[in-house]
């Protein structure tokens, strides 16, 4: 079925080794992508690079900043044209997903990023009393939204990228204690899932100037999965093309 290499339109990621690991040359269009990992592992940086690449060829992009943490100066250093980026800072999870849907539905967007699933808090939880039970609300919110979004994303040929935090499940004795927020729906609906980790600090003298980053393609419905890419993310410039290219030469 889908495991054969499909003819997929893509947007480069800003990392050559990751484009190769993805098997199709970048982030697939008309698909949902999940980028997850521990806090400050480089997920947002990767999204900003994808946006910069799309803008280079005249693409229009949206950034739903649920975390309220987008740093325009850093985005600009990475190469994002911040003045032509549609940025929204919604108050609730519902609002964030509605905005994302509207952006995708417009048919004008090449890339829409939702940063992050962990911050998509349902309205009822924000407005509710302390101690109210909100168990499963976020998961339901996500599965309802994704069912709608999948067909809209396909029709508009947008690349819809969710970032997600990796959390520790409490009391797991066996198996992997790590889990992502927002229930099972995103795992299921995403065509590509990327696991992003910092593997070591890059230092100049005693000062840390960046991080060596490893991205594992955990799920891929457009090419064979489980490929791995490694590159450097520098604090003032994003993904270092030099480090990326040199490593490709060695392998």
*Could you line up 49, 68, 134 from fewest to most neighbouring Cβ atoms inside 10 Å?*
68, 134, 49
*In the stretch 1-157, what % of DSSP beta bridges are antiparallel (nearest 5)?*
20
_Cut-off 10 angstrom, C-alpha nodes, Gaussian network model of the chain. Which of 125, 53, 34 fluctuates the most?_
125
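Give, in nm to one decimal, the length gained when the segment between residue 125 and residue 201 is fully stretched (0.36 nm per residue of separation minus the Cα-Cα distance).
Stretched fully, the residue 125-residue 201 segment lengthens by 23.6 nm.
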*What is the fewest-to-most order of 188, 162 by other Cβ atoms lying within 10 Å of their Cβ?*
188, 162
*asked:* If I build a Gaussian network model for the chain, linking alpha-carbon pairs within less than 10 angstrom, which residue out of 67, 101, 129 has the largest mean-square fluctuation?
replied: 129
_Output the 0 to 90 degree angle, nearest 10, between the alpha-carbon long axis of helix 93-105 and the longest principal axis computed from the alpha carbons of the chain._
60
*In nm, give the distance between the simple-model label positions of residue 87 and residue 178, each being 7 Å from the Cα along the Cα-to-Cβ direction.*
2.9
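Calculate for the chain the 222 nm mean residue ellipticity that helices alone would give, adding -39,500 (n - 2.57) per DSSP H run of length 4 or more and normalising by residue count, nearest 500 deg cm²/dmol.
-9500 deg cm²/dmol
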*Taking neighbour Cβ counts within 10 Å as the exposure measure, how do 51, 32 sort from fewest upward?*
32, 51
_Listed candidates (1) 12; (2) 19; (3) 56 - label of the one calculated as percent of Cα pairs over 35 Å apart_ = (1)
*asked:* With the crude spin-label approximation of a point 7 Å out along Cα→Cβ, what separation in nm comes out for residue 209 versus residue 73?
replied: 1.9
_Highest-MSF residue in the chain out of 135, 113, 215 [GNM, Cα springs under 10 Å]_ = 135
*Measure off 7 Å from each Cα along the Cα-to-Cβ vector at residue 147 and residue 236, then give the distance between these two points in nanometres to one decimal.*
5.1
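Read-outs throughout are calculated quantities, based only on the coordinates presented, and are distinct from any laboratory measurement. Remember, it's a predicted structure, so these values are computed and weren't measured experimentally. Neighbour counts run over all protein chains shown; Cβ positions are idealised from the backbone, glycine included.
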